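So the structure is just underneath, and the comments pick up after that.
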Amino acid sequence: MLPEQFLARVAKQASEPAYLFLGQEGYQRRICKNALIERVLPADRRAEGLTQIDLENTTLSEVLDDARSLSLFASDRLIWIVGAESALPRRLTAGGDEEDPGRGTESALASYLKAPTPGTVLVFECSRYDFAGEERAKLERVEKFYSGIRAVVEFRQFTPEASRFLAQELAKRQRLKLAGAELAGLLDAVAGDANRLAAEIEKLSLFVGAERSVTMDDLRALVPNAAQSTIFTLVGALGKGDRARALESVNILAREGEYMPMALTFLSTQFRLALAAKEARVSSAQQAQNFFTKIGVRIWRDRAEQVMATTGAFSKERLAQAVALIYETDKKFREGYKDDGLIMEWLVLALTAPN
């Protein structure tokens, strides 16, 4: 089920004896955890009733023994078990049989769920794996291992559209004026991490207040990675052949203490994405989103528009030249040149040299 469905059930129905939480998205998982705590444990007995266990440090059998025991201090209990994937078999023996330090725990869990302890709720949390790429198979293995648990909640990463909607909702709650380029800059800086998004919006609301709008200077001052906006300015200046503005952008990055190799990494990603889009003959931001999603690259709408702007500013040959020059610049960083700012200025001069 989705987190929204879980919250609706918790609000209206009795709790299940066990839940399985799957996925890396932490913002909604935190909301669901708090909702379940409020549902299961009375406010005056939460300290006694809540137990948190890491399966890295104990066995599933010991967890189940704890669940079966009756507490002298709390009639209602919530046992929160993190690292649920640790209970799975980890390696094969020489004879080909699976060696499992917790062998038999699957049947032990099934046995417990047939007669769960009244008033006790178990939550098994697997946040190590995501639903995308190679980790999907690992997550399915975890789900199969805990197949006796009927209530499974999937915490998937926010889509770009969902992240934008969440940002707008959080800003509205905080009475924060955040729109346009500043909203796009914030979303790109947190890279889809909803927990970070909520934290940064709260921080901005305390710093900016409700009287004025958030500016790019506010983002650069408070939000890690927001200096990327200056890098986009640098890309735009390079595309127009505006050497003076490009050098000014490099100077701004240096003054703000930006780690130049990190800035170069972002610049490299921007040009590589633009080159891939150019070679695929992508002609719009929507097509760019679809294209990169298809090949397994998550990209925001605003980032797709920035990539298309770079694609429009550079020919295919110039993009390929830029990627090669960025590679040479990275070599200079790794070879230990003393002044990173001078290295970046060399790159700007090379990219803006007459053809």
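The values are calculated or read from the model by the stated rules, or taken from the named source; none is laboratory data. Quick caveat: nothing in here was measured; it's all calculated off a predicted structure. Quick reminder, even Gly has a Cβ in these numbers, built from the backbone with ideal geometry, and neighbours come from all protein chains shown.
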Of everything in region 67-88 that's at pLDDT below 85 and either exposed (fewer than 15 other Cβ atoms within 10 Å of the Cβ) or among the basic types (K, R) (or both), which residue is nearest to S111 (Cα to Cα)? S69
Please state which of the following conditions T105 fails to meet, knowing it meets all the rest: (1) within 24 Å of R136 (Cα to Cα); (2) out of contact with any strand residue (DSSP E or B) (no Cβ under 8 Å at 6 or more places or on another chain); (3) modelled with pLDDT of 85 or more. (3)
Outside any helix (DSSP H, G or I) and without any contact (Cβ under 8 Å) to a residue 40 or more places away in the chain: is that true of I79 in this structure? no
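Being closer than 20 Å to S163 by Cβ and not aromatic (F, W, Y) is the requirement here; does Q289 meet it?
Working: closer than 20 Å to S163 by Cβ: yes; not aromatic (F, W, Y): yes.
Yes: the conditions hold for Q289.
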Is one or more of the residues making up region 334-355 farther than 19 Å from E248 by Cα, assigned by TED's automatic domain parsing to the domain that holds P261 and touching a Leu at 6+ places or on another chain (Cβ under 8 Å)? no
